[in-house]
Amino acid sequence: MPARSLRWWHALPLFSLAGLLWACGDGSGPGATSMTTPASSPATAAPDSSSPAAPTATPLGALPGVPFCGRTDIATAVSSSAATGGELLATITLGNRSDAPCQISRYPDVDLLDVHNDPLPITVTLGPPCPATPFCILQEPALLLPGLGNPEPDATLQAGQTGLTLSWRAHDGSGVCPEPPPKATSVRLQLHDIEEAVVVDANSALPGGIVACDGALRIVSYGPGATE
């Protein structure tokens with residue numbers, strides 16, 4: 001079964017991602033959006049009762065016959081990049097090192113852990129759901145194919161792998177973080193299908209760890225690599 005495709009966005013340089021996020025925001029943070037009340041629309045006619053009923057949506061995690069990925073099935077790699085305005089980004093690639101396909105039903109919950117593996121106080125926000133373009137959060141199961149369990153940092157996300165991109169501010173835009181929070185040395189990904197979490201070493205790509213100056217972390221995008 002082929003992975004769902006988000007096409008080209010995972011292969012974009014991370015500094016391009018950051019520029020677009022801040023250009024689209026309202027200035028209050030990475031990818032911030034404002035809410036407006038939509039104008040009322042004209043009344044529409046009632047649907048024709050003779051029309052066929054819409055198909056029932058397939059629930060998350062409903063890839064037939066494919067087991068959920070366990071903690072030991074998943075291998076990770078971290079890539080990072082800096083951007084303007086004090087924003088930093090990291091992409092975590094998830095690959096399947098088992099000998100059979102497995103699935104992740106939805107995006108994981110994310111925590112930042114300190115050097116003692118204790119969770120840090122952090123506010124986590126999500127980007128828009130897919131199919132928003134070009135960066136979005138997949139709302140459907142992601143299929144991880146076997147034989148792709150050695151993801152490389154800075155490599156293009158492959159079909160059969162899944163990527164998660166995070167962003168945070170290292171300073172307030174002037175190069176200063178007035179009250180630096182504790183440093184996170186790892187990222188904990190809590191999958192919704194297993195009790196154990198996947199813990200990713202942030203120091204492998206970020207020697208200074210993750211220091212979110214404003215106490216905020218954003219999941220910018222989540223989804224599989226492109227299929228041909």
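No lab work stands behind these numbers, since they all come straight from the coordinates. What you see is a predicted model, and the numbers here were worked out from it, not measured in a lab.
Points to keep in mind about this one:
- Taking one quarter of the surface of the C-alpha convex hull of the stretch 74-159 gives a mean projected area of 7.3 nm².
- Amide H contacts of D109 (H built 1.01 Å from N, under 5 Å, at least 5 apart or other chain): Q190
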